[in-house]
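Trainee: One structure, as structure tokens, below. Some questions next.
What follows is calculated from the coordinates using simple rules that are stated; it is not laboratory data. Small disclaimer: the values here were computed from a predicted structure and weren't measured. For neighbour counting, all protein chains shown are included, and Cβ atoms are generated from backbone atoms with ideal geometry for every residue, glycine included.
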Amino acid sequence: MCGIVGYIGPSHNSVQIVLEGLRRLEYRGYDSAGVSFIDENNKMQFYKKAGKLDNLKAELEGKNVIARTCIGHTRWATHGGVTDVNAHPHSNDTLSIIHNGIIENANELKKELMGHGVSFKSETDSEAFLELVTFELKKNVPILEAISKSFKRIHGNSAFVVLYPKTGEIFAVKRGAPLVAGINEVTSEALVSSDPYALAGIVHKLYFPEDEVIVHLSSANKNLINFYELDLSKTTRYLSKKQDMSVEVSEKGEFEHFMLKEIHEQPGLIRNLTSYYFAGEGKEALEKIATYKPSRVYISACGTAAYAGLVVRDFLEGINRIPANVELASEFRYRNPILKEGDVGIFVSQSGETADTLAAQSLCKKAGVKTLSIVNVEGSTLYRDCDDNLLIRAGVEIGVASTKAFTQQALTGRLMSAALAGDLKDENKKVQLTGKFSLLADRIDMLLANSDSIKSVAESIYNHKGFFYTGRGAYFPIALEGALKLKEIAYVHAEGYAAGELKHGPIALIDEDMVNVALVAPDLFEKTVSNIQEIKARKGIIVGVGPRGNQELQALSNFYIPLDFDGLDELAPLYVNVVNQLLAYYMAKFKGTDIDKPRNLAKSVTVE
């Protein structure tokens, strides 16, 4: 949530560069946008508008926006309503700042500053930091020290970027929030952002600063960028890596939506995963996991990642016989969990910046529990904070509703399970598992090639009032995830249930306008079918997703989606989940919603 982009360099086109970076970050979710820049007369200008980025671009039309230095922001409202005034940047005669996160003691700081005659223009917490730094500067404190002293007074997780027009420099600092900087040494450009995707195609090298490290971007710097501790000493507390992301990652190509593109990327990603971990760069990380001897595992995550965690739990318990608990990260640390020596905490996240997941990881780390991430973004906060990491290798996921990341998280968990079982030492088992991954990719390819039948089902049911997704055993997590996808992008009521639980209350809701998407696997077939019968008897509409050629399921179903389960074994639930993804996508399309940027949602939730 919220996007940050800052640029400093020789280009007079800095405002357009920042706007392009913000465009790439639209997928994160936002409700207003703004820029602040130093023009060719060394004067600071700022423009901000509520609503979409196009509103800001319209505001800038006809304005003189020639500038070498610019910062920009897309805001997702926390403190204060969605208005032009509350949009970022926040500026005064001395500074301009943008902010992600929450200042927990903002009211206290504002009250103190108002006692010194400071007045505030907005309802936001962010403006407190602007005026704190300004207050220090008025006491003739140097800018770097002023930022340090002010940041020390801030409570809560935040990332700040400061534009200082007096020198034309940019400063940034963060605690528990995403921040990345990058440079292009050839063109003498330096940038900062909340997301490396905004910097693709511009910088050659990325830097991920640790918490409480001040990043200083200046054309006068020998290296364009310097890093300082809060005591103002130079520091090397940052991770640096080569930028290997191309600008094409943020383009839809032949697809109408990023979500559909990312659904179609899954077969290729699945095939590449075993190659990466069995023979490529990931081999060493997986071999290290093979040395773990956990007595118990806690899997902690939020939303879709939590449902992927449920799939991983089934692998660990079913294959490895290791007790595994799946914990919602937002609740985990508040229930005083019993953490013991020998436990392992596994944290699942696409972004690696989810605030609740980071808090859960910190709790385990403080308790002396080994922590492992299953994460997409190398260099993210979760990646840096965990003892070990398994990258899911999903590439950039721009659609807010996660699709390919779910599949890759679950499959990376299956590889972890294989490592813990000692299968890395057995070449035959590695070949067998690689073959199973390849078969899953082939089946998904076939499903995508014949998706018109799923589209037809979606067109027939999308206007009904509610949806129950049901599954038993390994398909219960898939039911939960299927319902979540539909809620996220189609804005209809949907719930995922263990099929056997319907009769314990929810069945009271069934009538002729309720749809049951019944996920029926060859195992537990009879039990699941009996639950469908209960819904059918109450005139519910049945979408049967199950074994091809099964006449009983076909006869029960108003709509039948046949699948080929043979040979997939424990990976079959991930095959079925692609049906759910396509159903959600097409139902949302028929409803005309904003599929890639659903209302009220953000891709990376960095506040608790």
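Trainee: If we count other beta carbons within 10 Å of each Cβ, what is the order of V173, V543, V492, fewest first?
Mentor: On the way: V173 26, V543 23, V492 20.
Sorted ascending by nearby Cβ count, the order is V492, V543, V173.
Trainee: What is the Rg over Rh value, at two decimals, for region 258-448, using alpha-carbon atoms and the Kirkwood definition of Rh? Numbers along the way, then the final one.
Mentor: Details: Rg = 15.7 Å, Rh = 16.5 Å.
Reported Rg/Rh (Cα atoms, Kirkwood Rh): 0.95.
Trainee: Compute the acute angle (0 to 90°) between the alpha-carbon long axis of helix 127-137 and the principal axis of greatest extent of the alpha-carbon atoms of the chain; round to the nearest 10°.
Mentor: Tilt relative to the chain: about 30 degrees.
Trainee: Now for a separate question. Could you put F406, F46 in order, starting from the residue whose Cβ has the fewest other Cβ atoms within 10 Å? Kindly include the intermediate steps, with their values, before the conclusion.
Mentor: On the way: F406 32, F46 18.
Ascending number of Cβ neighbours within 10 Å: F46, F406.
Trainee: Any idea what angle helix 143-152 forms with the longest principal axis of the chain, computed on alpha-carbon atoms, 0 to 90 degrees, nearest 10?
Mentor: So the inclination is approximately 50 degrees.
Trainee: So, one more: Here are several values of mean projected area of the Cα convex hull in nm²: [x] 47.9; [y] 42.8; [z] 28.0. Which one was derived from the coordinates shown?
Mentor: For mean projected area of the Cα convex hull in nm², the calculated option is [z].
Trainee: In addition: What are the ³J(HN,Hα) values, in whole Hz, obtained from phi via the Karplus relation 6.51 cos²θ - 1.76 cosθ + 1.60 with θ = phi - 60°, for each residue of region 2-7 in sequence order, with x given for Gly and Pro?
Mentor: Coupling constants for region 2-7: 6, x, 10, 9, x, 9 Hz.
Trainee: Once amide H atoms are placed 1.01 Å from N in the peptide plane, what residues at a sequence separation of 5 or more from S373, or on another chain, have their amide H within under 5 Å of its amide H?
Mentor: Distant-sequence amide H within range of S373: F347, D388, N389, L390.
Trainee: May I pose another question? Just in region 486-537: which GluC sites (Glu not before Pro) are loop by DSSP and have at most 12 other Cβ atoms within 10 Å? Walk me through the numbers before you get to the answer.
Mentor: Numbers: sites: E488, E495, E501, E512, E526, E534; in loops: E512.
Sparse-neighbourhood loop GluC sites (Glu not before Pro): E512.
Trainee: For Y585, Y491, what ranking results if the residue with the fewest other Cβ atoms within 10 Å of its Cβ goes first?
Mentor: On the way: Y585 27, Y491 15.
The most exposed by this proxy come first: Y491, Y585.
Trainee: Which loop trypsin sites (Lys or Arg not before Pro) in region 1-49, with loop taken from DSSP, have no more than 14 other Cβ atoms within 10 angstrom of their Cβ? Please list the in-between numbers first.
Mentor: On the way: sites: R23, R24, R28, K43, K48, K49; in loops: K43.
For trypsin sites (Lys or Arg not before Pro) across region 1-49 that sit outside H, G, I, E and B with at most 14 neighbouring Cβ atoms in 10 Å, the list reads K43.
Trainee: Here is a further query. With N set to the residue count of region 99-237, report its C-alpha Rg divided by 2.2 N^0.38 Å to two decimal places.
Mentor: Numbers: Rg = 15.3 Å, N = 139, 2.2 N^0.38 = 14.3 Å.
That ratio works out to 1.06.
Trainee: If you don't mind, there's one more thing I want to ask. Please list the non-local residues whose amide H lies under 5 Å from the amide H of A324, H modeled 1.01 Å from N, same-chain partners needing a gap of 5 or more.
Mentor: It is V297, by chain and number.
Trainee: Extent of region 413-502 along each principal axis, from alpha carbon coordinates, in Å, largest to smallest?
Mentor: Its Cα atoms span 52, 33, 22 Å along the three principal axes.
Trainee: Suppose every K and R has +1 on its Cβ and every D and E has -1 on its Cβ; what is the size of the dipole of region 452-591 about the Cα centre, in Debye to the nearest 20?
Mentor: Roughly 440 debye, rounded to the nearest 20.
Trainee: Report relative contact order for region 141-209 in percent, whole number only (criteria: Cα-Cα under 8 Å, sequence separation at least 6). Spell out each step's value before the answer.
Mentor: Working: 88 pairs, mean separation 15.8, N = 69.
So the answer I get is 23 percent.
Trainee: Out of T403, S150, G496, whose Cα points farthest toward the positive end of the dipole of the chain (charges: +1 Lys, Arg; -1 Asp, Glu; placed on Cβ)?
Mentor: It is S150, whose Cα lies furthest towards the positive end.
Trainee: Have a look at L486, Q533, I561 and report the one farthest towards the positive end of the charge dipole of region 452-591, computed about the Cα centre with Cβ charges (Lys/Arg +1, Asp/Glu -1).
Mentor: L486
Trainee: Oh, and also: Where the only charges are on Cβ atoms (+1 Lys, Arg; -1 Asp, Glu), what is the dipole of region 431-499 about its Cα centre, to the nearest 20 debye? Could you put the intermediate results ahead of the total?
Mentor: On the way: 7 positive and 7 negative charges, 35 e Å.
It comes to approximately 160 debye.
Trainee: Using mean Cβ contacts within 10 Å as the protection proxy, how do 312-323, 153-164 order, highest first?
Mentor: In descending order of packing, they fall as 153-164, 312-323.
Trainee: Can you give me the angle between helix 476-490 and the longest principal axis of the chain, using Cα atoms only, in degrees from 0 to 90, rounded to the nearest 10?
Mentor: The angle comes out at about 50 degrees.
Trainee: Name the residues whose placed amide hydrogens come within less than 5 Å of the amide hydrogen of A494, ignoring near sequence neighbours (fewer than 5 apart) on the same chain.
Mentor: Long-range HN contacts for A494: F467.
Trainee: What is the diffusion coefficient of region 37-145 in µm²/s, taking the Kirkwood radius over Cα pairs and the Stokes-Einstein relation at 20 °C with a viscosity of 1.002 mPa s? Intermediate results must be reported in sequence, preceding the final value.
Mentor: On the way: Rh = 15.1 Å.
The calculation lands on 142 µm²/s.
Trainee: Give me the percent relative contact order of region 201-303, please, defined on Cα pairs under 8 angstrom at least 6 residues apart.
Mentor: Working: 71 pairs, mean separation 20.1, N = 103.
20 percent.
Trainee: Under the Karplus relation 6.51 cos²θ - 1.76 cosθ + 1.60, θ = phi - 60°, what is the ordered set of whole-Hz ³J(HN,Hα) values for region 58-63, x standing for Gly and Pro?
Mentor: So the Karplus estimates, Gly and Pro as x, are 5, 5, 7, 4, x, 8 Hz.
Trainee: For region 440-455, what does the Karplus curve 6.51 cos²θ - 1.76 cosθ + 1.60, with θ = phi - 60°, yield as ³J(HN,Hα) per residue in whole Hz, taken in order and with x for Gly and Pro?
Mentor: With coefficients 6.51, -1.76 and 1.60, one gets 4, 4, 5, 5, 5, 4, 5, 4, 5, 5, 10, 6, 4, 5, 6, 4 Hz.
Trainee: Could I get the Rg over Rh figure for region 464-608? Both from C-alpha atoms, Rh via Kirkwood, rounded to two places.
Mentor: Values: Rg = 15.1 Å, Rh = 15.5 Å.
Over the Cα atoms of region 464-608, Rg/Rh equals 0.98.
Trainee: So, one more: For the chain, with only Lys/Arg (+1) and Asp/Glu (-1) charged at the beta-carbon, what is the dipole magnitude about the Cα centre, in debye rounded to 20? Don't skip to the answer; put the middle values down first.
Mentor: Working: 68 positive and 76 negative charges, 135 e Å.
Around 640 debye, computed over the chain.
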